[in-house]
1. How many residues are closer than 26 Å to Ala68 by Cβ, among the hydroxyl-bearing types (Ser, Thr, Tyr) and open to solvent by 70 Å² or more (accessible area, probe 1.4 Å) when one looks only at region 11-37?
2. Which members of region 38-49 meet the condition of being of a type outside the set (Gly, Ala, Ser) and crowded, with 19+ Cβ neighbours inside 10 Å?
Amino acid sequence: MEAAVMLRAHPSLLRELVERCETLRRRVASRGNAETWRQFQDASYTLCVVTGTRQLDTALYVARQQLADAMRREQPLRH
């Protein structure tokens, strides 16, 4: 029996998508037009796909966890 392999997006892509979703969500809330709403929907969908989730809040949580994990792997503890 083979173990399932979970692919992860590169941290720079995750960071970009998280920032984009957050920025567009603020824009939609303050003065969103149809184009801003479409961009927000596209960015949200993409973040959900790369994190394997179905809702934006969950995708943001998973992306932040993956970013934190990536940072820990890059910066080992020093004694």
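1. 0
2. Across region 38-49, the qualifying residues are Phe40, Leu47, Cys48.
The values are calculated or read from the model by the stated rules, or taken from the named source; none is laboratory data. Since the model is a prediction, treat every value here as computed from it, not as a measurement. Quick reminder, even Gly has a Cβ in these numbers, built from the backbone with ideal geometry, and neighbours come from all protein chains shown. Surface areas here come from the heavy atoms of the whole protein model, side chains and all, with no ligands, DNA or RNA. Shrake-Rupley method; radii C 1.70, N 1.55, O 1.52, S 1.80 Å.
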